[in-house]
Every structure is written in C-alpha cells, then in structure tokens.
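The values are calculated or read from the model by the stated rules, or taken from the named source; none is laboratory data. Fair warning: this is a prediction, and the values are worked out from it, not measured in the lab. We place every Cβ from the backbone using ideal geometry, glycine too, and count neighbours over all the protein chains shown. Protein only, heavy atoms only, side chains kept; ligands, DNA and RNA dropped before computing areas. Shrake-Rupley method; radii C 1.70, N 1.55, O 1.52, S 1.80 Å.
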Amino acid sequence: MFNIGFVGHGSDKFDARTEFLAKELIYNLLDNAEKTHGNVCMVSGHSPMGGIDIWAEEIALGLGILLDLKIPEQQKWDSHYGYKQRNLDIAKSCDTLHVILVKNYPENYNGQKFNLCYHCKTSDHVKSGGCWTGNQAKKLGKEVIWHIIE
C-alpha cells in the first residue's frame with residue numbers, strides 16, 4: 001500500500017481559479033500514484049477549514065482510493081489529539097506528502113495575513129500549517145513535495 005498525503009491551505013486562501021488548479025493537481029497526483037503504485041491510500045487531516053484536505057478526500061473517493069483521515073479531536077494546537085498531534089500523525093503515516101499552497105492571498109481574503117511563511121522562512125507562498133507538517137515529514141525521511149499555485 002502506497003500512502004500519499006495531502007496538506008495545505010484552507011478554502012479561504014483560494015479563489016475560483018486557484019481552487020480549480022489545486023483540484024486538478026490533486027486529481028493528477030492521485031491518478032498518477034494509482035497508476036504507478038497500484039494500491040493507494042490517501043492520508044489527510046479533514047480540516048474544518050475545508051480546502052486541500054477536503055478536496056483531496058472528495059477526489060480520492062471519486063477515484064475509489066482508500067482514505068486514512070487524521071481527524072483532530074480538539075480544534076487546538078497542542079491538546080489531546082489536537083492539530084499538532086494530528087499533523088505529526090499525517091507526517092508519520094504517508095510515504096509521500098504533497099503540500100499544496102497559494103503564492104498570494106486572494107483579493108477577498110479578510111483573515112490574518114503574514115509577510116512570510118514562518119515555517120519555511122520564505123515569502124514564496126502564503127503561510128500554512130501544512131508547511132509545519134511537511135517539515136516534520138522531511139525530518140522523518142519522507143518524500144515531501146511543495147506545490148505553489150500562482
């Protein structure tokens with residue numbers, strides 16, 4: 001079984017165009033993984049913010065791919081199976097992790113904005129907790145691929 005993970009931005013960081021591109025990318029990555037590895041399981045965190053996690057779930061289900069969802073029990077960073085523990089579980093569970101991000105905030109974004117992704121120490125993309133998860137997976141020797149949607 002090949003475990004392919006997906007993390008990234010919530011839906012509020014996407015506009016219609018970047019959402020379309022993200023979904024197309026997820027579809028292609030899952031389809032290619034299935035053709036390359038046969039038995040595939042999609043690992044993600046079922047984010048309450050929607051976006052990459054939920055789109056990956058929907059696309060995987062449409063392709064008949066098994067799901068391994070790491071659903072946080074607490075919507076807090078460091079609590080009993082909160083986001084930190086859930087993200088570590090994603091990092092441990094996948095063979096390859098795809099971090100899918102947008103380069104810029106959408107025009108209508110009203111949430112908190114950062115000048116750089118403090119997890120990656122770069123302004124090449126909008127900050128994401130998915131980067132934290134990607135960095136943890138790298139420390140575990142996993143293949144991690146960042147995709148920046150412009």
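Annotation note: of G51, G62, the sole residue that is under 25 Å from H125 (Cα atoms) and modelled with pLDDT of 95 or more is G51. Is it the case that some residue within the stretch 74-92 is in a strand (DSSP E or B) and under 18 Å from C41 (Cα atoms)? Within the stretch 74-92, none of the residues are in a strand (DSSP E or B) and under 18 Å from C41 (Cα atoms).
Filter the stretch 50-71 for residues that are over 10 Å from the mean Cα position of the chain (by Cα) and over 14 Å from N32 (Cα atoms) and give the result. Residues satisfying the conditions are G50, E57, E58, L61, G62, L66, L67, D68, L69, K70, I71. Check the stretch 38-57 and report whether any residue there is hydroxyl-bearing (S, T, Y) and assigned to a strand (DSSP E or B). Within the stretch 38-57, one or more residues are hydroxyl-bearing (S, T, Y) and assigned to a strand (DSSP E or B). Selection of the stretch 121-139 for residues being at pLDDT below 95, touching a strand residue (DSSP E or B) at 6+ places or on another chain (Cβ under 8 Å) and not hydroxyl-bearing (S, T, Y) yields D124, H125, V126, K127, G129, G130, C131. Cβ separations smaller than 6 Å between residues 6+ apart or across chains give the following pairs from the stretch 135-147 residues that are within 16 Å of I4 (Cβ to Cβ) and assigned to a helix (DSSP H, G or I) to residues that are open to solvent by less than 50 Å² (accessible area, probe 1.4 Å) and small (G, A, S): A137/A91. Among the residues making up the stretch 45-89, those that are open to solvent by 50 Å² or more (accessible area, probe 1.4 Å) and of a type in the set (K, R) are K76, K84.
May I ask you to list the residues in the stretch 116-134 that are part of a loop (DSSP other than H, G, I, E, B), free of Cβ contacts under 8 Å to residues at least 60 places away in the same chain and open to solvent by less than 30 Å² (accessible area, probe 1.4 Å)? Selection gives H125 alone. What about K113, is it of a type in the set (D, E, K, R), open to solvent by 50 Å² or more (accessible area, probe 1.4 Å), out of contact with any Ser or Thr (no Cβ under 9 Å at 6 or more places or on another chain) and within 15 Å of W132 (Cβ to Cβ)? So K113 fails the test.
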